[in-house]
Amino acid sequence: MNLFKRKFVTLLPILAIMGPGIIAASADNDAGGITTYSVAGAQYGHSLLWVLLLTTLALSITQEIGARMGLVTGKGLASLIREKFGIKWTAFVMGVLFIANLGTIAAEFAGIAAAFEIFGVSKFISVPIAVIGMFLLVTKGSFKRLERIFLLFSFFFIAYAISAFTLKPDWGSAFSSLIMPHIEFDKGYILTLMALIGTTITPWGQFFIQGYVVDKKLTKDDLKIERGDVFLGSFITNLIAFFIIITTAGALFAHGIQINDAKDAAIALKPFFGEFAVILFAFGLLNASLFGAAIVPISTSYVITEAFGMESGLNYKFKQAPEFYALFAISLILGGLLVLTPFLPLITILVVSQAINAVLLIPVFIFLYLLSNDRKILGEYANNKIMNIIVLLTLMGISFTAVFYVVSTMFPNLF
Amino acid sequence: MIYLSNLLGKNVYFERKIYGKMVDFAVLESSPNPTISKIVIKKNGKKLTVSPSNIEIKSFGAVLSSIKGPFLPYDEGDFYLNEDLLDKQVIDIDDRRLVRVNDIVMDATNQLKVVGIDIGASGIIRRLSLDRFIKIKPKIIPWQIIEAFDYVTGNVKISLSQNRLNKIHPSELADILENLGNKERLSIVESLDARSAAKAIEETDIKTREAILEELKASALGQVVSKMHVASIAGLFYKVNPLRIREILKLMGTERASRVEKILDFGSETAGAMMRTTFWKFDGNLIVKEAYNLLFEQKPKPEAIVITNGNEKLVGTIYTKDILDSDSLAQLKDLVSERKFVYPNVGVNEVILLFAKYNLRLLPVVDSDKKPIGVVKIDNILEKIEQRTQVDELI
């Protein structure tokens, strides 16, 4: 106990200097993330691993662009869109962001519901309590402290790495799948592929990283450190994804088990943790979901109020910034209600919301691309060619996948 | 008054044919009430500028009087309303981000002039062409208080530059404060020197004054109240939250604070100034037994209780001793023995007369909705009479 205590204390300063990139990346591995990776591994084995390599690259570059724009201009993405493209485009992008975030928030509550269902608590009890609890925790509590607690518990993901090594998977196959792209013309496969993209690279994450950098009042001098932070964050996110897919592939796919609810996903941790796996998984899922449920709704109201020029921030009282708090409450409530909709299984909400996120990335990235190439705004810090190529390839990749999905739904027997 | 958003994108006609579109307006931003110096017209993808004297603004668009010119090329160096001001961030002196320039307000009576910027949701609604369905009052920051434009970040700084401040009359400043949002209002007050701030605050309407005194930072508050008239603080006594008032009185120092209290007791000779705001109030639908239980643990017991109906409105007063004598199932509203009341603006003399004439012990004071807001007790009346006799003796 004493030893643990000492370790805990030495860890705290590290958490204190953790940068925006790491926070954004950790929040990326939220309920939707864990579920999508688990489903990808359980359903398709190693065959989707190649997507991770591409999303790592795309995530690093787009997050770097976000951080760089924040550092150079001192403004959030929403501000830049508003100032460059006017109110109509801003309203459009904010509409897109709101829908995407609503999906993500629903996914977080679905994660909370799923975690509690493992212990037999109905979602009709857990979700309303979580909605109210989140509102109070964020508005009345200390947000920073909350964030650090969630981050600390993110160490849960190490469990996947341990499990992965215990399973002794075929590393050769894993690494070759990582490098060799593989496509199946199957509705489910493409949907999972899209969800993999959409859970790693998210519209809210793009706004979040830039807003966070601005809030921390970082400047151009911090660019180098911030780049490192962002790249490291992107790498860690996908490393975790890699281990989740490897373990679920080994523990579920190899035995033909499909994921129908959260309990099934916990099987991935059994090889090392045995009966304790279920509890561990429920705890990890809950923590990840709470992290997301704390960050995404509040970032939604920050971004939208910033775009429309309303007073915003937790240091205002309700009366001073009513729109800010109303938006926060509405996104929590709507997100919670989506989970309580009958006939929508939690796993479906979790995966489909991520796929929708991927599609809604398209308009966000178009604006990101245009702004990051604007020399009037960024001067010498505008994108270079390589960055542009990666952003454009990402855009094309997502668009093709989306079109592919539609085609595969409409004409399932085309190939 | 005309909004920039109403003009942007409108056609420019010459001899009933479309010549181009209005896309921007240049101003000389250094002037306190800047007139439009150039109107930018987009014609076949090229931007030209014309002098406003050559153009007439109509409801359907604008009409050129001649196409002979002079047409000048678009000059990047000018200050343009659409390009450089619209949608930009408004920040205060401490570089805090506040709001955005959602629209720009202009005056078109003689010359086209810029009057201020609209920072309210009304501007957004108007620009999204939703103003036909949603009506919101605009929130306008007048041009006079815009201090500077940051050309690097495109931000608009608001605060009063000392230079312009000298030219603004306190009553004009008061108008400005009344129209602003809370946050901007406070940042302006904080940027003023205490004397001007106090003067301007005194000229504002009671709601604005109340809001400012409620929210102002303690450091600024102390300086401002030290410059305000004792009487105007006394006027706010029952409007501002009691904790805040206590703070204000503390900041004023004992001597000035006691003068406030004196004004409240003496100067403003009304029921409102005399009343006590903590008093016993029961819902008239309660029955005697319930009232008895409520009173049981209380020491000392109130002499009389104000009775309201279900909607918080006054029914009358009831003496505690009467409750003891009544049927335990009777409703309080049926036991009311006195139905007199006064409004807070009723003069002290009339209140005293009422007490004398009807032998009252307690008189409720009600607001315009007939909701009780305080009571005058016989003790207060006696105090008042005593004070008056003292004053008389002194004279």
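In order along the range A:353-358, the phi-based Karplus estimate (6.51 cos²θ - 1.76 cosθ + 1.60, θ = phi - 60°) of 3J(HN,Hα) comes to 4, 5, 5, 4, 3, 4 Hz; Gly and Pro are listed as x. The 3J(HN,Hα) values that the Karplus relation (6.51, -1.76, 1.60; θ = phi - 60°) gives for the range A:129-138 are, in residue order, 5, 5, 4, 5, x, 5, 4, 5, 4, 6 Hz. Gly and Pro appear as x.
Largest GNM mean-square fluctuation across B:Lys370, B:Lys333, B:Lys299, computed for chain B with C-alpha springs under 10 Å, falls on B:Lys299.
Taking the Cα centre of the range B:44-128 as origin, work out the dipole magnitude from +1 charges on Lys and Arg Cβ and -1 charges on Asp and Glu Cβ, in debye rounded to 20. Please list the in-between numbers first.
Values: 11 positive and 13 negative charges, 81 e Å.
Computed charge dipole of the range B:44-128: roughly 380 debye.
For the protein assembly as shown, the mean residue ellipticity at 222 nm estimated from helices alone is -18500 deg cm²/dmol, where every DSSP H run of n ≥ 4 contributes -39500 (n - 2.57) and the total is divided by all residues, rounded to the nearest 500.
With a 10 Å Cβ neighbour count serving as the proxy for reagent exposure, in which order, fewest first, do A:Ser38, B:Ser122 appear? Let's see the in-between values first.
Numbers: A:Ser38 30, B:Ser122 20.
Least to most surrounded, the residues fall as B:Ser122, A:Ser38.
Which aspartates and glutamates, on any chain, are close to B:Lys377 with Cα under 13 Å apart, when same-chain ones fewer than 8 places away are left out? Those aspartates and glutamates meeting the cut-off are B:Glu303. As a rough footprinting exposure proxy, the listed residues B:Val348, A:Val93 were ranked by other beta carbons within 10 Å of their own, and the order from fewest upward is B:Val348, A:Val93. Under 5 Å from the amide H of B:Gly374 lie the amide H atoms of B:Val365, each residue being 5 or more positions distant or on a separate chain, with H modelled from the backbone and absent for Pro and chain starts. Each of B:Leu180, B:Leu335 was scored by other Cβ atoms within 10 Å of its Cβ. Listed from fewest to most, they are B:Leu335, B:Leu180. Of B:Val27, B:Leu72, B:Ser122, which is farthest on the positive side of the dipole of the range B:2-146, counting Cα position, with +1 on Lys and Arg Cβ, -1 on Asp and Glu Cβ, and the Cα centre as origin? Of B:Val27, B:Leu72, B:Ser122, it is B:Ser122.
For A:Ala91, neighbours were defined as the other residues whose beta-carbon sits under 15 Å from its Cβ, and their charges (Lys and Arg +1, Asp and Glu -1) total 0. The ellipsoid that matches the Cα gyration tensor of the protein assembly as shown has semi-axes, each √(5λ) in whole angstrom, of 58, 42, 23, with the longest given first.
Rounded to the nearest 20, the Cβ-based charge dipole of the range B:2-146 about its Cα centre (Lys and Arg +1, Asp and Glu -1) stands at 780 debye. A Förster distance of 35 Å, applied to the separation of the beta-carbon atoms of B:Tyr292 and A:Phe318, puts the FRET efficiency at 0.30. Computed on the range B:2-146, with alpha-carbon pairs under 8 angstrom and 6+ residues apart, the relative contact order is 20 percent.
Taking the Cα centre of the range A:63-176 as origin, work out the dipole magnitude from +1 charges on Lys and Arg Cβ and -1 charges on Asp and Glu Cβ, in debye rounded to 20. Walk me through the intermediate numbers first.
Values: 11 positive and 6 negative charges, 96 e Å.
Computed about the Cα centre, the dipole is about 460 debye.
Within the range B:2-146, the ratio Rg/Rh, alpha carbon atoms throughout and Rh by Kirkwood, equals 0.98. Under 5 Å from the amide H of B:Asp24 lie the amide H atoms of B:Val40, each residue being 5 or more positions distant or on a separate chain, with H modelled from the backbone and absent for Pro and chain starts. Each other residue within a Cβ distance under 13 Å of A:Phe281 adds +1 if Lys or Arg and -1 if Asp or Glu, for a net charge of -2. Look at the dipole of chain B built from charges on Cβ: of B:Ile233, B:Met106, B:Gln89, the Cα furthest out on the positive end belongs to B:Met106. If you take the Cα centroid of the range B:192-262 and the Cα centroid of the range A:127-175, the two points sit 51 Å apart. The separation of the range B:313-355 from the range A:242-317, counted between C-alpha centres, amounts to 63 Å. Scalar couplings 3J(HN,Hα) for the range A:174-189, obtained by applying the Karplus form with A = 6.51, B = -1.76, C = 1.60 to θ = phi - 60°, are 4, 6, 6, 5, 5, 9, 8, x, 8, 10, 10, 7, 9, 3, x, 4 Hz; x denotes Gly and Pro. Other residues whose C-beta falls under 10 angstrom from the C-beta of B:Asp379 contribute a net charge of +2, scoring Lys and Arg +1 and Asp and Glu -1.
Given the pairs A:Lys88/B:Lys10; A:Lys144/A:Lys317; A:Lys385/B:Lys47; B:Lys299/B:Lys321; A:Lys123/A:Lys187, which are separated by over 26 angstrom at their Cα positions?
Values: A:Lys88/B:Lys10 17 Å; A:Lys144/A:Lys317 18 Å; A:Lys385/B:Lys47 31 Å; B:Lys299/B:Lys321 14 Å; A:Lys123/A:Lys187 29 Å.
Distance filter (> 26 Å) returns A:Lys385/B:Lys47; A:Lys123/A:Lys187.
Readers should treat all values here as calculations from the given coordinates under stated rules, not as data from a laboratory. Predicted model, so just to flag it, every value in this text is computed and none were measured. Cβ: placed from backbone, ideal geometry, glycine included. Neighbour counts: every protein chain shown.
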